[in-house]
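What follows is a short report on a single structure.
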Amino acid sequence: MQILLVEDNEMVAKGLLYTLKQNGYEPIHKANVKETRAFLKNESENAKTKLVILDIALPDGDGFTLYEEDLKDKNIPTIFLTAKDEEDDIVKGLELGADDYITKPFSTRELIARINKIIIKERKNLIVKVKDIEFDLDKMVVYKSNKEIILTSLELKILHLLFTNLNKVVARNDIIEKIWEWTGNDVNDNTVTVYLKRIREKVGNGIITTVKGIGYRVDKEE
């Protein structure tokens, strides 16, 4: 999936391009308003763009104007990047119709999570179905053959992490970090194994794939 990144800071752009590629996306980078407008006029190229990550502060203009004049009518989901956590900027961006914003500095993991959330909503697929499992991502409810599965809060969060990263490997270390973030408890590799075993017992062994030595993946055919 093609993502347009509009960012003038070369170091920031380089890091984001690497992260996006590592997560299976096809990023296109433009450094200013002029380059972006030229790209958007090329219908054969910009038609492939499914999401825009747009810095507010650009050397030859601002992201708000670029969005309002060149992006809004194209209905391309947009995430604003801002270097300052100012309420006026956030409100203005959302009022213009942007899908989300993120304040620098930010973790690339957080950005990827927000991208995945927007993609799922854009597909109008808030209930994600994989084989006989349906996960209502808004209500945080899981069904197996239309019957609700009772999962603990932590099991739900781990499964949600996998379902919002469909067809991508979620590393065991990332799951460990998330469990620590959610619970505040120190966990180890064995903890992840135990939780995944419990989840598999409830949803079925065919849903979650183990990628040996790396992590876990839930696959969904496009």
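The values are calculated or read from the model by the stated rules, or taken from the named source; none is laboratory data. Just so it is clear, the model here is predicted, and its values are computed rather than measured. Quick reminder, even Gly has a Cβ in these numbers, built from the backbone with ideal geometry, and neighbours come from all protein chains shown. In case anyone asks, the SASA skips ligands and DNA or RNA and just uses the protein heavy atoms, side chains included. Shrake-Rupley method; radii C 1.70, N 1.55, O 1.52, S 1.80 Å.
Computed values, structure above
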| quantity | calculated |
| --- | --- |
| Region 208-217: number of residues that are open to solvent by 20 Å² or more (accessible area, probe 1.4 Å) and either in a helix (DSSP H, G or I) or aliphatic (A, V, I, L, M) (or both) | 2 |
| Scope region 130-147; condition open to solvent by 100 Å² or more (accessible area, probe 1.4 Å) and either touching a Phe, Trp or Tyr at 6+ places or on another chain (Cβ under 6 Å) or free of Cβ contacts under 8 Å to residues at least 12 places away in the same chain (or both); matching residues | LYS139, LYS147 |
| Residue satisfying condition, being at positive phi and at pLDDT below 95, within set ASN173, ASN167 | ASN167 |
| Yes/no for ASN205 being part of a helix (DSSP H, G or I), at pLDDT below 95 and either at negative phi or open to solvent by less than 50 Å² (accessible area, probe 1.4 Å) (or both) | no |
| Verdict on LEU40 being touching a helix residue (DSSP H, G or I) at 6+ places or on another chain (Cβ under 6 Å) and in a helix (DSSP H, G or I) | yes |
| One residue from ASP99, ASP136, ASP132 being among the acidic types (Asp, Glu) and touching a Lys or Arg at 6+ places or on another chain (Cβ under 7 Å) | ASP132 |
| Selection count, region 148-198, where residues are in contact (Cβ under 8 Å) with a residue 12 or more places away in the chain, assigned to a strand (DSSP E or B) and surrounded by fewer than 17 Cβ atoms within 10 Å (Cβ to Cβ) | 1 |
| Yes/no for LYS48 being closer than 20 Å to ILE118 by Cβ and open to solvent by 50 Å² or more (accessible area, probe 1.4 Å) | yes |
| Filter result for the condition that a residue is out of contact with any Leu (no Cβ under 7 Å at 6 or more places or on another chain) and basic (Lys, Arg), over LYS202, LYS129 | LYS129 |
| Test for LYS220: is it in contact with a Leu (Cβ under 7 Å, 6 or more places away or on another chain), touching a residue at least 12 places away in the same chain (Cβ under 8 Å), buried (at least 16 other Cβ atoms within 10 Å of the Cβ) and among the basic types (Lys, Arg) | no |
| Flag for LEU66 being at pLDDT 90 or above and under 25 Å from THR164 (Cα atoms) | no |
| Complete set of residues in region 1-26 that are assigned to a strand (DSSP E or B) and crowded, with 20+ Cβ neighbours inside 10 Å | ILE3, LEU4, LEU5, VAL6 |
| Residues located in region 129-158, provided they are more than 15 Å from the chain's Cα centre (by Cα) and of a type in the set (A, V, I, L, M) | VAL130, ILE133, MET140, VAL141, VAL142, ILE149, ILE150, LEU151, LEU154, LEU156, ILE158 |
| Condition check for ASP138: assigned to a loop (DSSP other than H, G, I, E, B), closer than 20 Å to GLU110 by Cβ and in contact with a Leu (Cβ under 9 Å, 6 or more places away or on another chain) | yes |
| Looking only at region 28-45, and only at residues there that are of a type outside the set (A, V, I, L, M), open to solvent by less than 80 Å² (accessible area, probe 1.4 Å) and within 27 Å of VAL91 (Cα to Cα), the one that is nearest to the chain's Cα centre (by Cα) | HIS29 |
| Residue count, region 163-199 (criterion: within 24 Å of the chain's Cα centre (by Cα) and farther than 21 Å from SER107 by Cα) | 5 |
